[in-house]
Structures are given as structure tokens and as C-alpha cells.
Amino acid sequence: MIEVTCFRSRTVGVFGLARSGLSAVEALRAGGAEVFAWDDKDASRVAAASKGASVTNWVSWPWDTVAALILSPGVALTHPQPHAVVRRARKGGAEVIGDVELFARTIRPAAGTKGLAPVVAITGTNGKSTTTALIAHVLNACGFDAQAGGNIGRPVLDLQPPKNSTVYVLETSSYQIDLSPGLTADTAVLTNLSPDHLDRHGSMEGYAAVKQKLLNQVADDGWVAVGVDDPFSAAIHTSQAAARGHHAVPVSVGKVLGDGIFVIDGKLYDAWEQSAETVGDLRTAAHLPGAHNWQNAALSYAAVRRLVPDKRAIMPAIARFPGLAHRIEDVGLLGKVRFINDSKATNADAAARALACFSDIFWITGGLAKEGGITSLSSFFPRIRKAYLIGSAASEFEATLSGRVPLIQAGDLEHAVRAAYEDARNSTAPDPVVLLSPACASFDQFRDFEHRGDVFRELVRQLNGAQQKATSMERI
């Protein structure tokens, strides 16, 4: 745990007591702050009380003494309108910040100074988690103590205090960036941009501006790496290059760059401030399939190139990457049927990356729909043998798929997995794939995408057990 001392002997409110909120309570209390906390869930309030918080409804907090409100990233800060607790905090003059800001003030206590450890911050619409995990993997393989956290699942304040070899690798969502005005990364990565979370940012331009803010806050002597294969990201790189020169590195898949990092036909090239040289063949990285993962790998290479003493060690580490849970995760093979857990695909662009990797797909999709639904995925429909629709988006997705893809309304994940398996194993396809790639948020039926993916894994395990039992009975 990283103790937060910047509010020692002061009063702080924590609103929203999921993982990051409880982590903030513990870190603030360890640092000597008086903490008031609130969440609608009984279990969360009990947990906060056990960590030393005064648990009482936020309406009754002593607002005349509250110095800061630590807000859960899931609570509306600006759009569609600020939550009532945000309005109350601002009325009382309290800062409204998040747990990542507490981390930032602890690791770099004074603006304009070196931090206690380097910070690599990753944002974007898709690929953030894989890129974050890959950067941490490469740094650890090259002798660093890489601590990965943030939006990737481990709250940032639950990371270990810095040591001489520590590098913090943080996945940062747009929500977290909004709540982190003092986060000064040494390196920042922007993977790509496509419409997402527009209800929280008002427009695509507003969403892109929040992402760019992370890059704008990078230390003066720091570096930024930007995937330039979409127009919004390309425009941001142009702006960064004008301000930072060669400290803004463009990264592309499919396009040769005169000065940058790029991938052509799976081969990674380094032309950053040098003549282009081949780094290696990304097709040797078994757990990074597809062009989208080649972008993740190229961005990771760009992010660590200045940190790793011998850049020749980077490509072998990339090739050994074990993959990321819930992102095109190979759950197993049952007979001829392969099961792939892509629960982290919470929008259509993310699902496209998985659909591009397979043929003969038995596709489980649906949940809480994002703007635009799945209309952008029409070019992948010929790959889909059948779709199994779940969650609140099922009717909307049926309207998009009807007449183009065979489908059933499965209702929930359990029925979808069983039906998809039966259809896949009885199909004529030589290598059928049951793919959970929802293209939706999970909150209509699950706590989060991780819960959804864990349930998928367990259902596949149960299928495997039932199949083994049936085979044993046949032998008897």
C-alpha cells in the first residue's frame, strides 16, 4: 500500500466504496487523514468502517471542514450533469479528485521536481489493458520492479511503495484523467480513439480532449507515444509533436513512418531518430494475435525503449507475453470447440479485434449497449456461424443481425454458452470457436467485465466436467 500523507490531520470525504474507494480510505487513514465515507451498498460501508472511516451519509458530512472529495470514477463529474455530491463539494470549496490524484501527489510531492519513481501512463479507447500489462511484463523481464495498476484492476494505491528499480505502469481511463489534474507521467501512451463514454464527456471532441490532457501533463523531459492510425489520435500526435518535437513518437500498423515505430506484415520496425531497423516478427508472440495486438506491442516497445538499457532485450520479452485475462483469452478446447473469453470487449471496436482473429465463430454478444451498437461490425458477419444474444441489448442487436446472421435470444450467459457449444460441436466447421465478445458494458447482468469473464470460464469448466462424466458413463 502507498500511504497518502498530503491530507494528514485534515478531513477528506470518499464517495463510492468499490475497490479504488476502499483503497483510498485505507491509504488516507494510514497517512493520518480523518475520513468520512459513503456508498449505497451495505457491504461496502461495513468494509470502509473496518478501515477506520466514519461512515455516514454524505449529506451529513462536516462540509465546512472537508478539504477534498475523493470521487469514484463511475460517478458523474460533469455530464450529463454533476452528481449532487460533486455540487455540494464545490459549494463548500472542497477539491474533487480521485485516487489516481492521491497517488500522483504522493509519488511527485512537488510540481516541477523528479518523482520518487518513473510513471508510465496508458490511455485510449481500446488496447489500454493489454498495452499496460505488456509494458509491465517487458520491464519486469528486463530487471525492473514494474508495478501495474489503475483501471486495469488493481487500485493504484494498493501498489507497493517505490524502490530503486520501481516503475509504475498505470492504465488510466478518461474518468480517472478527469479526476487527476496533477498526474505528471514520465511517459504517456495513447493507443487509439473511437466513440466511447460520450454520455460522460458530451461529445467525441470532449472525450478526445480528456485523453489529450494526460499527454499534456507529461513532464517537460518526458515522452509520449501515440497510435496515429485514427484521425483523432493523429491530430493529437500532431499537436504533441509541435510542442515536444522528437519526444512525441508516432506508432502505426500498416503504414511506414519516416520517424517513428511501425509494423508492416507483422514485423516491428524502429525508425525513431534513426534509420529503420527490424526489431522482430510479432507473429512469434503467440498471445498477441492480430493487427490490434501488433499496435499494442509497437506502443509498448515505444514506451520502454528509453527505459531499457539494451533495447535488444525488448522483443524476446514481448514474444514471451502470456496474454491478458478477459482479452481474447483462450479458455480451453472441448473436443474440436475452442472457447475464447473476450469479456473486456465492451464496445464494438474492441469486439472487432476479436472477430478479426477467427473464422467459424459462434458469437455470444450483448449486455448494456454503447452508442452505435454493432452496426460497424457488418464486415465480420460472414465469419459468424450463429449469434447468441444476451442482456438488455438483445433486441437492438437482433434488429441489426436479423436476416444476415442466424441468431437466438439466449437471455443470459449460461444459456448462451450451452447453446453455442452444442451448435459448434455439431457443426461442419473444422475449428469452431465459441467467442464471448459482448461489444457491450456488463452492468445489466454482472458487476463488471471481469465478473462476466469469470462466469464464462466457470461455465466452460462445468461443460468440460459434464462432458468427461458423460464419456465415463459411455465406457461403463
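The stretch 108-147 and the stretch 1-30 have Cα centres spaced 22 Å apart. Highest mean first, the peptides 266-272, 143-149 sorted by other C-beta atoms within 10 Å per residue fall in the order 143-149, 266-272. Of all DSSP beta bridges confined to the stretch 247-303, the antiparallel ones make up roughly 75%. Note on residue 59/residue 278: beta-carbon distance plugged into 1/(1 + (r/R0)^6) with R0 of 60 Å gives a FRET efficiency of 0.45.
Placing unit charges on each Cβ (+1 for Lys and Arg, -1 for Asp and Glu) gives the chain a dipole about its Cα centre, and among 24, 401, 376 the Cα reaching farthest toward its positive end belongs to 24.
Accessible surface area normalised per residue over the stretch 307-347 is 41 Å², counting heavy atoms of protein chains with a 1.4 Å rolling probe. Of the solvent-accessible surface of the stretch 381-430, computed with a 1.4 Å probe and all protein chains present, 46% belongs to carbon and sulfur.
Expressed in Å, the radius of gyration and Dmax of the Cα atoms of the chain are 23.2, 76. Taking other residues whose beta carbon is less than 13 angstrom from the beta carbon of residue 64, and scoring Lys, Arg as +1 and Asp, Glu as -1, yields +3. With an 8 Å cut-off on Cα pairs and a minimum separation of 6 or more residues, tell me the relative contact order of the chain in percent. Dividing the mean separation by the residue count of the chain yields 10 percent. Atom-type composition of the exposed protein surface of the stretch 1-123 places 51 percent of the accessible area on carbon and sulfur (1.4 angstrom probe). Computed over the chain, the per-residue total of -39500 (n - 2.57) for DSSP H runs of n ≥ 4 gives a 222 nm mean residue ellipticity of -10500 deg cm²/dmol, rounded to 500. The magnitude of the dipole of the stretch 136-225, with charges of +1 and -1 set on the Cβ of Lys/Arg and Asp/Glu and taken from the Cα centre, is near 120 debye.
Taking all Cα pairs closer than 8 Å and separated by 6 or more residues, the relative contact order of the stretch 218-329 comes to 19 percent.
Among DSSP beta bridges whose residues both lie in the stretch 351-445, state the antiparallel percentage, nearest 5. Rounded to the nearest five, the antiparallel share is 10 percent. Between residue 259 and residue 79, the contour length at 0.36 nm per residue exceeds the alpha carbon distance by 60.9 nm. Ligands, DNA and RNA are left out, and with a 1.4 angstrom probe the accessible area of the stretch 1-119 is 45 Å² per residue. How big is the gap, in Å, between the Cα center of the stretch 250-280 and the Cα center of the stretch 356-419? A separation of 36 Å, based on Cα centres. Remark: the stretch 122-163 carries 27 Å² of accessible area per residue (probe radius 1.4 Å; ligands, DNA and RNA excluded).
When the pairs 128/386; 336/386; 211/255 are compared against a 21 Å limit on Cα-Cα distance, 128/386; 211/255 fall above it. DSSP beta bridges confined to the chain are antiparallel in about 20 percent of cases.
Rank-order 177-184, 91-98 by packing density, defined as the average count of other C-beta atoms within 10 Å over each peptide's residues, highest first.
177-184, 91-98
The values are calculated or read from the model by the stated rules, or taken from the named source; none is laboratory data. None of the values given here were measured: they were computed from a predicted structure. With ideal geometry, Cβ positions are generated from the backbone for all residues, glycine too; neighbour counts draw on all protein chains shown. Calculation scope for accessible area: heavy atoms of the full protein, side chains included, ligands and nucleic acids excluded. Shrake-Rupley method; radii C 1.70, N 1.55, O 1.52, S 1.80 Å.
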